[in-house]
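Below: one structure, written as structure tokens.
The values are calculated or read from the model by the stated rules, or taken from the named source; none is laboratory data. Quick caveat: nothing in here was measured; it's all calculated off a predicted structure. When we count neighbours, we look across all protein chains shown, and the Cβ atoms used for this are built from the backbone with ideal geometry, even at glycine. These accessible areas exclude ligands, DNA and RNA; they are computed on the full protein's heavy atoms, side chains included. Shrake-Rupley method; radii C 1.70, N 1.55, O 1.52, S 1.80 Å.
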Amino acid sequence: FLGYLTTWSGVRLPGSLGDVPMADIPAGHAAVFKVPPFGLLQILLLCAVLELGFWKQAEGSFPGDFSASPLPVGWFADYSEEQKYDLRGKELNQGRAAMMGILGLMVHEQLNGKPFIFWG
């Protein structure tokens with residue numbers, strides 16, 4: 001949401017993506033079609049490297065437990081099993097709410113070109 005809001009307010013990083021200046025990349029859904037194919041490939045490759053090389057699930061653990069990873073993921077405090085179960089549920093619900101929020105922005109953008117209902 002914050003990235004969507006930031007780019008729609010006109011903030012851009014300096015520099016360029018190959019031969020495309022960052023200032024020329026539009027906000028919202030249209031940005032996907034303006035980013036050079038090599039840039040999209042880099043994003044996909046980073047996701048693949050993280051999925052296949054770094055994020056490892058602990059054997060016999062619950063889905064999403066990447067504590068067997070070489071990256072510092074996992075619990076940062078000593079929680080009981082009941083607290084861990086509660087925190088996992090909260091994180092799932094927050095993720096679902098975030099997905100619905102960004103979906104709402106994308107739908108509004110496709111309907112009238114403005115993702116925020118309060119912008120005239």
Suppose only helical runs count, i.e. DSSP H with n ≥ 4. What mean residue ellipticity at 222 nm does that imply for the chain under -39500 (n - 2.57) per run, divided by all residues and rounded to the nearest 500 deg cm²/dmol? -15000 deg cm²/dmol
0 to 90° range, to nearest 10: angle between helix 81-112 axis and the chain longest Cα axis: 10
Taking the Cα of A58, stepping 7 Å toward and past its beta carbon, and measuring to each backbone N in region 66-108: which are under 12 Å? 66-69, 73-81, 84-85
Label point 7 Å out from Y79 along Cα-to-Cβ: which residues of region 42-68 have amide N under 15 Å? 62-67
Hey, can you find the accessible area per residue of the chain for me, probe 1.4 Å, expressed in square angstrom? 77
Scan (1) 1.13; (2) 1.06; (3) 1.36 for the value of Rg/Rh (Cα atoms, Kirkwood Rh) calculated from this model and give just the label. (2)
In percent, how large is the relative contact order of the chain, given Cα pairs closer than 8 Å and 6 or more residues apart? 16
Which residue fluctuates the most in the chain, going by a Gaussian network model with Cα springs under 10 Å, if the choices are A98, A27, A77? A77
Give the angle, between 0 and 90 degrees and rounded to the nearest 10, that separates the Cα long axis of helix 37-49 from the longest principal axis of the Cα atoms of the chain. 10
Considering only protein heavy atoms and a probe of 1.4 Å, how much of the accessible area of region 1-102 is carbon and sulfur, as a whole percent? 66
Contour excess over end-to-end distance, with Cα ends at L13 and C47 and 0.36 nm allotted per residue: 10.1 nm
Give the long-range amide H neighbours of L17: residues separated by 5 or more places, or on another chain, with amide H under 5 Å away, using H modelled in the peptide plane at 1.01 Å from N. M22
At a Förster radius of 30 Å, what calculated FRET efficiency corresponds to the Cβ-Cβ distance of S69 and F116, to the nearest 0.05? 0.25
